[in-house]
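Working notes, beginning with the structure itself.
The numbers here are math on the coordinates, done by the rules we state, and not lab data. These numbers were taken from a predicted model, which means no experiment stands behind them. Because the Cβ atoms are built from the backbone with ideal geometry, glycine has one as well, and the counts that use them run over all protein chains shown.
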Amino acid sequence: MALLSLLFRFAILTHAITANPLARPFEKVKRQANTSSDPIQVDLGYEIYRGIANSSTGLNTFKGIRFADPPIGDLRWQAPVPPTSNRSNVISADSFAPTCPQTPRGSAGLASLTSGTSEDCLFLNVYAPQNASDLPVLFWIHGGGYGQGNGRQEMTNIINANSKGFVGVSIQYRLGAFGFLSSDEVFRNGVVNAGLLDQYFALQWVQSYIHLFGGDPTRVTIAGLSAGAGSVMLQDIAYGGSLGTSLFTNSISASPYLPQQYGYKDWIPSQNYYAFATAAGCPPQWAYGNSSQTIFQCLTSRSTSTLQNASATVSNSGTWGAWGFLPVTDGVFIQTTPSEALLNRKVNGLNHLSGNNAEEGRLFTTPNITTENDLVAWIQLVFPLFTTDDIAKLLYYYSTSNISVSAADIPEFASAGDMGLTALNTSQTATGQQERANTIYAETTFICPSYWLAEAYNSHGRTGYKYQYSVVNAVHGSDLTAYFGTPTPNQGPDFVFAFERIWGNFVINSNPSISSAIANGARANGSAMTSGLENWPVFAMWDRRMANLNQTGGTPTITPVGGAVTGETVNVITYQGEGVKNALELVDAYAWEGGRGVRCDFWKSVAGIVPE
């Protein structure tokens, strides 16, 4: 039995990692008309689903479609496998499936770990315009630091804002230790990056089945926010960028999350593995004296709740605001760090649209950094491989010497980006050394990766485009409601429509350009102003222009904003009401915020010791 189990695991590993990455695990269902009398019944071969028709939205929705067998028992930390056939009855696709077990980030505590979750969570959802045929596909990967989140993203608004011009798909993937446990033992007995392989598997599902919902598998755009955008970035470089357009043509990354990415058996992921095993009741010292089970085998026998709490325990003991289980470089699926792959333009697909928010760092940076000594201590914690010289260089590139007033006297306000004080000095939530730290984290983790992604797609017939979301208060993740809904009070209807059309035009036409009428908005009252977004330029080494997506006017409103790991809120000023108008324009991304391009070049130069 042990030999059969070993052979089973080896077969799965071979399928996921060493086999031809272009091979499809699903037998594609023939393109044919629905033979059922029910227009919203879809036969996938292995299961039959009945969706919901909504006459008011004009969409058919299919929620909770299984795309892989439950990854439990012997399938834990293995590559996903096709669903077992279950054709005994038609399955109602009227509700979402359970979410994957969640893992909170550092300092977030262990509350609400098991509610509404299950390891049997590899499901996806489809939003299809009624009578759809050969439409492009928007494939959404949720964020959450690779430890939280779900695939329940509502996609109705963005589809309808684009004249029902594409089909939407949202997916779930394994999270925390369930999806990103890594060590030499995991690699030998299963797979590392299991959550990424779930995403890849769902993309293969789309290639085989999306035509049954009216989608065109040759025109897929993958998209995500935060860790979802980080996932997009990793799918962009999967298998060394050798996949071409076999799974997707376009990709969108909104604030791509790039934490430090180690090798699968490096010290940090290995120590997290042993800490996880200990917390789950499978400590190394127990395994050494037990000849019948390895640590890995012990872990596969533990309950979901035990593993979920162990995952949370490890993550909660880590760096403030970070997660304990993250993607790693495995040498095959992810062959190198993203910064290296992007520098060498080893990418899949043809076109990319990347974005970042103006204030990305606050939610993840240790609070109460008031002196430069505090800042240096934080740098040493977050970048443990930095030498004294490296820290000195970092402080030089993130200098605040260009201001003439003390940090205590700097007012908190959103920087303009191209004049006055910059993000090095002030934002709506911090000034001085705290803002310096916030900007360091924001640029190395979210903003510079968005620059590198856009640059990587401007060669060999590819195109890359870049934008920044600047509507105050533009903290990490606040852009989501602008393109998916429901909009927040500071997001005017003209802005929301323009943002939805930027994404939609990229999905449909592989180009985010929008007309001047849409860019200016209805509240411009026929103004003939041009934003430059009518012919959006590619983001190239010789022309680093990006779209700055902002608003002007409106009524100043004191708004409490939460989101820090400790749960506290701060009051910021947002602008709301009838006076809000679009302010979309092209800007110099390299000179933006006091020379952000130069700082991103610095992070490239130290990628070997970050690593990212």
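Here are some values of Cα extents along the principal axes in Å: (1) 98, 56, 53; (2) 74, 62, 45; (3) 75, 57, 51. Which one was computed from this structure?
Label (2) holds the value from this structure.
Once you keep just the Cα pairs under 8 angstrom separated by 6 or more residues, what percentage relative contact order results for the range 418-537? Intermediate results must be reported in sequence, preceding the final value.
Values: 99 pairs, mean separation 15.8, N = 120.
Relative CO of the range 418-537 lands at 13 percent.
Can you tell me the Rg and the Dmax, both Å, for the Cα atoms in the range 441-500?
Rg then Dmax for the range 441-500, in Å: 13.8, 42.
Is there a pair in LYS346/LYS604; LYS346/LYS393; LYS164/LYS581 whose C-alpha atoms are over 20 Å apart, and which pairs would that be?
Values: LYS346/LYS604 16 Å; LYS346/LYS393 29 Å; LYS164/LYS581 26 Å.
From the list (LYS346/LYS604; LYS346/LYS393; LYS164/LYS581), the Cα-Cα distance tops 20 Å for LYS346/LYS393; LYS164/LYS581.
Less than 12 Å Cβ to Cβ from GLY608, Lys/Arg counted +1 and Asp/Glu -1: what total charge do the surrounding residues give? Numbers along the way, then the final one.
Values: positive: LYS604; negative: GLU340, ASP390, GLU612.
Neighbourhood net charge equals -2.
Taking R0 as 22 Å, what FRET efficiency do you get between ASP374 and SER399 from their Cβ-Cβ distance, rounded to the nearest 0.05? List each step's numbers first, then the result.
Numbers: r = 17 Å, r/R0 = 0.76.
With a Förster radius of 22 Å, E is 0.85.
State to the nearest 20 debye the size of the charge dipole of the chain about its Cα centre, where the only charges are +1 on K and R beta carbons and -1 on D and E beta carbons.
On the way: 33 positive and 43 negative charges, 259 e Å.
Dipole about the Cα centre, nearest 20: 1240 debye.
Of all DSSP beta bridges located in the range 356-609, what percent are antiparallel, nearest 5?
Values: 17 of 23 bridges.
Antiparallel: roughly 75 percent of the beta bridges in the range 356-609.
Just to be sure I understand: of the beta bridges DSSP finds with both ends in the chain, what percent are antiparallel, rounded to 5?
Percent antiparallel among DSSP bridges in the chain is about 50.
If packing is taken as the mean number of other Cβ atoms within 10 Å per residue, what is the order of 60-71, 91-102, 196-207, 346-357, highest first? Let's see the in-between values first.
On the way: 60-71: 21.2, 91-102: 18.8, 196-207: 23.8, 346-357: 25.4.
Descending packing order for the listed peptides: 346-357, 196-207, 60-71, 91-102.
Contact order normalised by length for the range 356-609, with contacts defined as Cα pairs under 8 Å and 6 or more residues apart; what percent is it? Display every interim value, and only then the final one.
Details: 426 pairs, mean separation 55.4, N = 254.
Relative contact order, the range 356-609: 22 percent.
Note down the relative contact order for the chain as a percent, whole number, built from C-alpha pairs under 8 angstrom at least six residues apart. Present the calculation step by step, with values, prior to reporting the outcome.
On the way: 1374 pairs, mean separation 80.9, N = 612.
With pairs under 8 Å counted, the relative contact order is 13 percent.
Can you give the FRET efficiency to the nearest 0.05 for ARG50 and SER163, using r as the Cβ-Cβ distance and R₀ = 30 Å? All intermediate terms of the calculation are to be shown ahead of the outcome.
Working: r = 27 Å, r/R0 = 0.89.
Efficiency for this residue pair is about 0.65.
Restricting things to Cα coordinates, could you compute the convex hull volume per residue of the range 238-326 in Å³?
Values: hull volume 14.6 nm³, N = 89.
Dividing the Cα hull volume of the range 238-326 by its residue count gives 164 Å³.
Rounded to the nearest 500, what is the 222 nm mean residue ellipticity of the chain from helices alone, with -39500 (n - 2.57) per DSSP H run of 4+ residues and division by all residues?
Details: 19 runs with 179 residues, N = 612.
Calculated at 222 nm, the ellipticity per residue is -8500 deg cm²/dmol.
Which ordering of THR486, THR557, THR444 is given by a fewest-first count of other beta-carbon atoms within 10 Å? Before the final figure, lay out the partial values.
Values: THR486 9, THR557 13, THR444 26.
Lowest to highest Cβ neighbour count: THR486, THR557, THR444.
Counting other beta carbons within 10 Å of each residue's own, what order do MET233, MET546, MET155 fall into, fewest first? Spell out each step's value before the answer.
Numbers: MET233 28, MET546 25, MET155 22.
Ordered from fewest to most neighbouring Cβ atoms within 10 Å, MET233, MET546, MET155 come out as MET155, MET546, MET233.
Obtain the nm distance between the two label points defined at THR552 and SER95 by a simple spin-label model: each point lies 7 Å from its Cα along the Cα-to-C-beta direction.
Reported label-point gap for THR552 and SER95 is 5.1 nm.
Which net charge results when you count Lys and Arg as +1 and Asp and Glu as -1 among the other residues whose beta-carbon is under 15 Å from that of TYR200? It would help to have the intermediate numbers written out before the result.
Details: positive: ARG24, ARG174; negative: ASP198, ASP236, ASP330.
Combined, the nearby Lys, Arg, Asp and Glu give -1.
What fraction, in whole percent, of alpha-carbon pairs in the range 471-612 exceed 22 Å separation?
Values: 5051 of 10011 pairs.
Pairs farther apart than 22 Å: 50 percent.
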